[in-house]
Amino acid sequence: MSITVKVYLVDGSYSESPAQASILEEHDELVRQGYGGKQLIHRLISDDWGPPPRSVVLDGVAEDGQRVEIAIHYD
């Protein structure tokens with residue numbers, strides 16, 4: 001099981017980093033709590049950006065073997 005966090009920044013740059021599979025559970029719980037967009041990204045990953053992200057994508061394979069691609073837009 002492997003999850004990658006892909007960050008697309010407003011200046012056109014891109015970064016990616018590996019994440020624990022638990023980030024999917026954290027994402028789902030924050031969405032249940034009503035978080036979305038900018039607040040969701042800040043709570044899930046970071047609120048300390050140079051140029052802010054346009055979007056963040058959680059991409060990979062979940063614990064149950066399902067392919068996952070969750071896009072979170074920063075608006």
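The values are calculated or read from the model by the stated rules, or taken from the named source; none is laboratory data. From a predicted model like this one, the values you see are computed outputs, not experimental measurements. So basically every Cβ, Gly included, is an ideal-geometry build from the backbone, and we count neighbours across all protein chains shown. Heads up: the accessible areas ignore ligands, DNA and RNA and are worked out on the full protein's heavy atoms, side chains in. Shrake-Rupley method; radii C 1.70, N 1.55, O 1.52, S 1.80 Å.
Structure values in brief
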| quantity | calculated |
| --- | --- |
| Check on VAL56, among the aliphatic types (A, V, I, L, M) and open to solvent by 20 Å² or more (accessible area, probe 1.4 Å) | no |
| Some residue of the range 48-69 being in a strand (DSSP E or B) and in contact (Cβ under 8 Å) with a residue 60 or more places away in the chain | yes |
| Identity of the residue in the range 6-36, in a loop (DSSP other than H, G, I, E, B) and among the hydrophobic types (A, V, I, L, M, F, W, C), that ends up modelled with the highest pLDDT | VAL10 |
| ASP64 vs. criteria exposed (fewer than 13 other Cβ atoms within 10 Å of the Cβ), of a type outside the set (Ser, Thr, Tyr) and in contact with a Gly (Cβ under 6 Å, 6 or more places away or on another chain) | no |
| Inter-residue pairs, beta-carbon under 8 Å, first exposed (fewer than 12 other Cβ atoms within 10 Å of the Cβ) and in the range 7-36, second in a helix (DSSP H, G or I), 6+ apart | none |
| The range 37-47 - residue that is out of contact with any strand residue (DSSP E or B) (no Cβ under 7 Å at 6 or more places or on another chain) and in a helix (DSSP H, G or I) and, of those, most open to solvent (accessible area, probe 1.4 Å) | ARG43 |
